[in-house]
Structure formats: C-alpha cells, structure tokens
Amino acid sequence: MARNPKYDILFEPVTFGPKTMRNRFWQTSHCTGYGSDRPGTQARFRGMKAEGGWAVVCTEFCSIHPESDEYPWHSARLWDDGDVVNLRYLCDEVHRHRSLAGVQLWYNGMHSPCLESREVARGPSGLPSNVFPERCLYDAAADEDDIRAIIHMYVLAAKRAEQAGFDLVEVSGADSTLPMQFLERRYNRRSDRYGGSLANRARFYVEVMAALKQAVGDRLAVTTRFETDTINGECRIQHFDEGLHFVELMHSEGVCDLWAVKIGDYEEWGEDAGSSRFRKTNWMRPFVSHVKSIVGASVPVVSNGRFTSPDDMVTALRSGQCDVIGAARPSIADPFLPTKIAEGRVEDIRECIGCNICVSRMQQQALLSCTQNPTSGEEYRRGWHPEQFEPAADPCSVLVVGAGPAGMECAMVLGKRGYTVHLRDCAPELGGHWRDVARYPRCAEYGRLISYRQIQLEKLRNVEMHLGVTAMTADDVLQYGADKVVIATGAHWATDGLGAEVHRPVAGADAECAEVLTPEQIMSGKRVVGEKVVVLDGDGYFTGVAMAELLADQGKAVTLVTNMNMVAEFSKYTMEMPNNKRMLHEKGIRFLTNHWAHSFVPGRLRLFYLYRDSAGLYEVEPGRWGRRTSDELVDLECDALVLVTARVPNGALYADLKARRAEWQRHEVQAVYRIGDCHAPRQALNAIFDGHRLAREFESAHPQHPLPFIRERQIWGHSTIPQRGDPRPAVEPV
Ligand code: ADP
Ligand code: SF4
C-alpha cells in the first residue's frame, strides 16, 4: 500500500553540521549490553534498524577511556584500535542501508566503578558518587592539566570514531556524566574559572564541544544529548533555571550541530526511559519545545517520548516541538517501524508496550532482550530477522493449545512459515493471563502485546483460531488430527500461598475461602471482603503493587508484605522503583519488607521477620551448632489476604499426553512440545521467546531444545588488541 501523504513530513531529509539524514527517524543512543565486546551482536542489531528505515542509528554510551569504565555493565568503548575494528562492523552494517552511524562519547567521572581497568576517574571536585554511594567511589579532583587531558581523551575518541566510520559524535551531557558534573552546582565546588558562575561551570562542556568541532567537525557532526531538568530539585539542573540558560549559552558558541533533549539523570533515568505505567507518550514535550524555541530553525532538535504512532510523531513535528523523532524502545520493539509507515502498513507496527524489560536486562548486567520483539539481540547469534521467516520445506498441520503470549507467538510464526495452524483456547478471547495484566491499573499499554499478535494472526489464511472451546483433554488432542502439537496452557497463581521464601503453603491460606484471593480471582470479580487487606507479594514485579493500588483505589486499607528487601524489587531493574514507592506513598499503602506469612485466620495475618534468628552460631543442642532460633511473630489485622506468591504451571495436559506417548503413532501425532508458562512460569518476554524459538526451529532434530547460538568471546590462541605492554596513548599535555 502507498504511504499516507499526511506522513510525508516524516520522510523529509534533515541536515545537521556536515551530514544529512535521509528521513526524520533517529535511533537514540541506548544501552544493550553488547558493547564493543560483542561486535557481531552489536552490528547486526543496529544494522537491522538501519534496514528498517531509521536514518540515524547510534551506539549505546561509549566509554572514551579506561578512566571511565562501567564494567560489569558492558558499554561500547573507544579505548584502542581493537575497539575501532569491532565498531567498524557496526558502521558498515548501518551504512549498507544508507543510514548514518552515531557514537555517544561518555566519560563518567565519580560514577565510574572502574572494576575492570582499576583506573581512577577525574572530576570537578573529588566527591563521592551519589549514584553508587555503597561502592566507595570518588573522582580525583582535576586541575587544569587534568582538564586538558580529559578534553584530549574526547578528541582521541572522536578520531577513533572517525576511523571506525561513524558519521556523528554525540557528547553525553546527560545522565550525570562529566560535562554535567562540571555544570551542576551540587558536584562543582571549584573556585577557578571552571567553577562558580553558570558560564564558568559550563566552560568544560563547551570546551569539549569546541575541541571536537575543531578536530573532526568539518567531516563529522558534533552533537550532544542534554537533560534540561534532572527532576530532583534545587542544586541540580532545573529547566527554567540553569537548564535553558545553558542551552542559550552553548548555542551562542555555535559548537553544537544538533540537540537531543531528555530529562532525569543517572540516579533516576526512569524519567528518561519512562515506563508506560508512569509516563504517557511524549511526556517530555514541554522540555523539548523550549529548547527548540531557543536554537531556532538552523539547529535540529531530537525529541524522544516512546513514540509509536505516526500521528503523534507528525503532531510533534508540526507543532514545532522538534525536527527529528528520536526513539530507543520503539526502535527495539519494531526496527521496521519507519518502513511500515512508509509502506502504508501502520497496523503492522509492533508497538513498544513501555514495560522496560529491555532496560532491566542492562540493569541486570545482561544482554538486551525485548518483550514485544523476541528477535532483538538474536539477529547475529541466532540469525533471526524480525520480518523474514524461512518458509517450511514440508509444512504439516499443527495444533497449538493455549492462546496466551507463548501460544499466540508460536502460532503466528508457524503461520508465517507456511504451516497449517489451529490455535485453540477455552477462553473467549486471545491473550491468556495477559488479558488480566492489561486491565491492571496503569497497564493498559501492555495490551499491545495481544493486539499486535491478533492483527497478524487474523491476516494469516493458514491459521484458524478457535476460541471459547471446551478445555481440551489428552483424548481431544490425540483425536484432533494434527500432525504436531504444541501445548501452551500457561500457569496460574498459587491458591495456597506457596512461594519462594519457604517453598511451602501458608497455613490457613486457601483461595477457596471468601477471605483469600488470587490476582485472577480479583480480576474476575471475586468480592474483597472487609476493609483491611494484605497483599502478600513473593513475586516482586508489577502484580503485587498493581493489586495493592487497585484495592487502595477501592477504598481499602492496604498493606503490602514482601520477603524481599524492597517492594516490587524487580522494578529497580525496570527503573520504576522510585515511582512505585511514590505511588504507594501517595495512595497511603503501607509496606513491610523482609517478612513472610506464618499463618492466616480471617481477621489476622501472622508474619515472621526473615532475620529473627541469632547472627552468631551456637551449640543449640549438644553436638549441633546453628543459629539460636526465635519464634517471634508479628500480627497484622487482615480481613482479606491477596496471594501474589508464586505461579504454578498448568502442566497436566502435557503430562497426560507424555504418559500416553505409546498412542501417538496410532493417532498419527508425530510430536508434542510445550512452551511458555506451562513449561516453567517466567516473565512474558520468555514465554514469547519460547514460542518464537520453537516455531523458528520446528524442523530441527529436537525442537523442544534450543539449537546452539554463536557465543562472542575470545577464543584462546587468537590475538587481541591491545597486547600487554603496548604504549598507552598519550592524553596528558606535553
Ligand atoms: P503463556 O504465558 O505461557 O502464554 P497463559 O497462561 O497466558 O500462558 O495462557 C494460557 C492459555 O491457555 C489461557 O488462555 C488458557 O485459557 C488456555 N488453556 C489452558 N488450558 C487449556 C486447555 N486444556 N484447552 C484449551 N485452552 C487452554
Ligand atoms: Fe518496549 Fe518493553 Fe520491548 Fe523495551 S522490552 S522495547 S519497553 S516492549
């Protein structure tokens, strides 16, 4: 189909410095965990976005020197010629699709753990890091020689970037990196010409930009990513105070070819990567618009805001908010988003759901994966393309039982590969447990996980969906007439309080009773009796806090009890922790951490503190050493108990079929596989990955088990760059 002319503006070229981007789609710098150390994964992941139509594709933060070493977080690096070789592959892949490659130059001062390099970062004032207060990290206060050395590090890194083939260097003046540490009063205690007034504190940032312009600016664009408001009050950067004044100052120096604008800082970068639970599309609009009004028409401004709708993008451009649509997560969830708009296939866009699982992978020091797009990060190591599927050489008929995330994904990929698929579910709609999730407070955007797959499934003529059928038994499956069977029957919340803490039910907790409820029961309307409700959360992600908020909004007095150190502990990885806490506080939801349930009777929940036993070890019985145990208990008034403790696989159908393996041949069933939560309950991205992988590898010898993938690591006996004893590149002034 032809492109809708109202979207033409999105495909206009934009010039910045010596470069012109072919359209207005900019893949903002974002973390992956691939870094320079996994060149294949990095290059093919970024190259896929260029293929999908993003005119500029940037790396993640790229350390310019071993003094700014984020290990064990894996960043891109431009420390030496080895990094140049590895990142050159990224540039080649991006250029192959006519896009520009950008690299974000990063020096992190006091917040650099340097756990690999063991160097010491320099900074404005020799202060301890507030981002990692527990790690004993300090910068060494820089004198003017040090400042010149650091600026030289930026220049050397930019020259290496040019060697690698990058088209633009973006100075990170955000996320509390060194330019911001000089700029912010909180960090900058200097009394020389780099401290004091705003102009003095801005000097370092401006000098870095000017040095880069002079060194590479006629060939590479020199841009910056800046936060106009750190969203944490006085002494930090506030938009209408020093945020916009700094933009005016830097702009008047003429050293910045393009501005990418954000808010939030390193301590709370969930304000930049705002999750859909807390921030709606284009929440940074007012901040970005003001920057645009300062820099005028000649200097483009990039705006992020989890844009997935072309209409929202056009509105942002036409309103004068920005010139370029920046995206990290929407480009992860759908690398082909621009192409789909260009081809008039807007309904095919796999919209980001704003869950921040991608962020959580990085925060766990792992590799980026995406809930919506199971191929992200798998382009190189498994050879998966998000839009291309190898046609099945000999397609047979497949019955998929269960249309939750795993079953939908598997049926869709099998369908795209040419199999004849029947997707059956006893529920009247697609989505499995995710239908409930999408109705939790704040989780409406999570529903895109279902709607994207529904649209795709409805387009496939070789896929039939049978919903609202009688729950299938092993007899039904065997007699169905399918060549192969995939079981995707999901999981349910434990009804007896079973959880990870003690791996036993909670005495008296039985969801058959009126006073005890599971999340499914709440979502299907079971009445929550009484006033005082306790949510027992052993899951640690969004369900516990969602149940607490739902019930607080109904006027209940809610207490959330968790065995973990923090409420919704996993949300420290998705960057939602601070706003989860603010929400609980605002709604008057009390919480108790490091406690678990001992027993429940209507009216009273009895808890124990996890660390109630003695710290020391004693001879508790003759010959037996251990802790002195305590039987101390804490009572909470509790009219109704909500169990968010653990999920239990719906594994019976698969087990029945496996037990009747001898009958498969008689019924001409060649194979039975299981995927998703019925195999093992995990986060939705893993259920989707499971379904996708099985469908991609359906003809392998043992599809239940994954094929090997390429592991990027040094193979012994092959040389590395640099070698021990190579000279250190000179950055000190001579
Ligand atoms: P997953 O996350 O693994 O995809 P879900 O729990 O979200 O799992 O979805 C499982 C789906 O399977 C639910 O919609 C449920 O109605 C369906 N289901 C479970 N058992 C049967 C069965 N025996 N016959 C048909 N559908 C089933
Ligand atoms: Fe969006 Fe979630 Fe995918 Fe991240 S993991 S890109 S937030 S859908």
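The values are calculated or read from the model by the stated rules, or taken from the named source; none is laboratory data. Everything numeric in this text was worked out from a predicted model, so none of it was measured. FYI the Cβ positions are ideal-geometry reconstructions off the backbone, even for glycines, and counts take in every protein chain you see. Heads up: the accessible areas ignore ligands, DNA and RNA and are worked out on the full protein's heavy atoms, side chains in. Shrake-Rupley method; radii C 1.70, N 1.55, O 1.52, S 1.80 Å.
For segment 185-217, a residue qualifies if it is in a loop (DSSP other than H, G, I, E, B) and closer than 30 Å to Glu162 by Cα, and the qualifying residues are Tyr194, Gly217. Looking across Asp265, Asp241, one residue alone is assigned to a loop (DSSP other than H, G, I, E, B), more than 16 Å from ligand 2 (Cβ to nearest atom) and charged (D, E, K, R). It is Asp265.
Applying the criterion of being away from ligand 2 (no atom under 14 Å from the Cβ) and open to solvent by less than 10 Å² (accessible area, probe 1.4 Å) to the residues of segment 678-692, the residue that is farthest from Phe542 (Cα to Cα) is Gly691. On the stretch given as segment 90-121, residues that are open to solvent by 80 Å² or more (accessible area, probe 1.4 Å), part of a helix (DSSP H, G or I) and without any contact (Cβ under 8 Å) to a residue 60 or more places away in the chain total 1.
For first residues located in segment 145-165 and closer than 12 Å to His65 by Cβ, partners that are open to solvent by 30 Å² or more (accessible area, probe 1.4 Å) and of a type outside the set (Val, Ile, Thr) and lie 6+ apart or on another chain with Cβ distances below 7 Å form the pairs Ala149/Glu732; Ala149/Pro733; Ile151/Glu207; Leu156/Pro729.
Taking segment 347-368 as the range and being more than 16 Å from ligand 1 (Cβ to nearest atom), open to solvent by less than 20 Å² (accessible area, probe 1.4 Å) and not in a helix (DSSP H, G or I) as the test, the residues that pass are Ile349, Arg350, Cys352, Gly354, Asn356, Leu368. Number of residues in segment 369-396 that are part of a strand (DSSP E or B) and either crowded, with 22+ Cβ neighbours inside 10 Å or of a type in the set (S, T, N, Q) (or both): the value is 1. Among the residues examined, Arg624 qualifies as away from ligand 1 (no atom under 16 Å from the Cβ), open to solvent by 80 Å² or more (accessible area, probe 1.4 Å) and more than 26 Å from Thr559 (Cβ to Cβ). Count of segment 639-663 residues, restricted to those that are closer than 26 Å to Val535 by Cα and open to solvent by less than 10 Å² (accessible area, probe 1.4 Å), is 6. Among the residues of this structure, Arg3 does not count as one that is under 28 Å from Thr308 (Cα atoms), touching a Phe, Trp or Tyr at 6+ places or on another chain (Cβ under 7 Å) and surrounded by fewer than 24 Cβ atoms within 10 Å (Cβ to Cβ).
Selection within segment 298-347: residues that are away from ligand 2 (no atom under 16 Å from the Cβ) and acidic (Asp, Glu). The member of this set that is farthest from Trp384 (Cα to Cα) is Asp323.
Looking at this structure, is Ser303 crowded, with 24+ Cβ neighbours inside 10 Å, touching a helix residue (DSSP H, G or I) at 6+ places or on another chain (Cβ under 6 Å) and of a type in the set (Ser, Thr, Tyr)? When the stated conditions are applied, Ser303 passes them.
The combined condition, being outside any strand (DSSP E or B), surrounded by 15 or more Cβ atoms within 10 Å (Cβ to Cβ) and on the phi > 0 side of the Ramachandran plot, is not fulfilled by Gly447. If you check Gly431 against the conditions, is it of a type in the set (Gly, Ala, Ser), open to solvent by less than 10 Å² (accessible area, probe 1.4 Å), within 16 Å of ligand 2 (Cβ to nearest atom) and in contact with a helix residue (DSSP H, G or I) (Cβ under 8 Å, 6 or more places away or on another chain)? Against the criterion (of a type in the set (Gly, Ala, Ser), open to solvent by less than 10 Å² (accessible area, probe 1.4 Å), within 16 Å of ligand 2 (Cβ to nearest atom) and in contact with a helix residue (DSSP H, G or I) (Cβ under 8 Å, 6 or more places away or on another chain)), Gly431 qualifies.
Answer yes or no as to whether Arg696 is open to solvent by less than 70 Å² (accessible area, probe 1.4 Å) and either under 17 Å from Met408 (Cα atoms) or among the charged types (D, E, K, R) (or both). So Arg696 passes the test. Taking the conditions (1) among the small types (Gly, Ala, Ser); (2) farther than 30 Å from Val413 by Cβ; (3) in a loop (DSSP other than H, G, I, E, B) in turn, Ser293 satisfies each one other than (3). Being of a type outside the set (D, E, K, R), out of contact with any helix residue (DSSP H, G or I) (no Cβ under 9 Å at 6 or more places or on another chain) and free of Cβ contacts under 8 Å to residues at least 60 places away in the same chain is a property that holds for Ser298. Might you check whether a residue that is in a loop (DSSP other than H, G, I, E, B), charged (D, E, K, R) and surrounded by fewer than 24 Cβ atoms within 10 Å (Cβ to Cβ) occurs anywhere in segment 328-338? Among the residues of segment 328-338, not one is in a loop (DSSP other than H, G, I, E, B), charged (D, E, K, R) and surrounded by fewer than 24 Cβ atoms within 10 Å (Cβ to Cβ), which makes the answer no. With respect to the conditions (1) open to solvent by 10 Å² or more (accessible area, probe 1.4 Å); (2) away from ligand 2 (no atom under 14 Å from the Cβ), Leu399 lacks only one, and its number is (1).
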